[in-house]
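Inspection log for the structure reproduced underneath, given as C-alpha cells.
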Amino acid sequence: MTIQQVIAEDVRGHAPLWVVFWIYGVVISQLLFCGILYLYRQMDTPMLAASLIGFLFYTVWIMRSVWVNAFNVEKEVYGHIARALTVAWSVNSVLVSAFLFLGHFGTVALPI
C-alpha cells in the first residue's frame, strides 16, 4: 500500500488505526517537533511562528485522523484510548508551542 492510498483511506476513515496513531501521530509528530527544537535558536521569530503554526495544523490533522479511524481495530477500547491520548497530545502541543514562542522573546526561560 502506497502513502497516497493510506492517505486516501484515512480521509474516508478506513485507514488502520495503528498507522494513523503510531506512524503519523507519534513518529512523524516527534520528528517535526525535534526539528523545531533543533533549529529553535537559529530561527527568527516569523520563521519560528510559521514552524509552530505548521506543527499545530499537523496536530489538528492527526487528531481528526485518529478520531475518524479510531474504531478500525478489533477491540473498541483501543479506539477510545487512542482518542483520549490524541486529545491530550493536542492540548500539550498547543501549550508547549505557545511557551516556546514566548520563550523566543525571552519572556519564558529557554527549555534547552
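The numbers here are math on the coordinates, done by the rules we state, and not lab data. Because the structure is predicted, anything quoted here is derived from the model rather than measured.
A few points about this structure:
- Cα Rg, Dmax, the stretch 20-112, angstrom units: 14.9, 48
- Full-extension gain in nm, Trp61 to Ile81, via 0.36 nm per residue minus C-alpha separation: 5.4 nm
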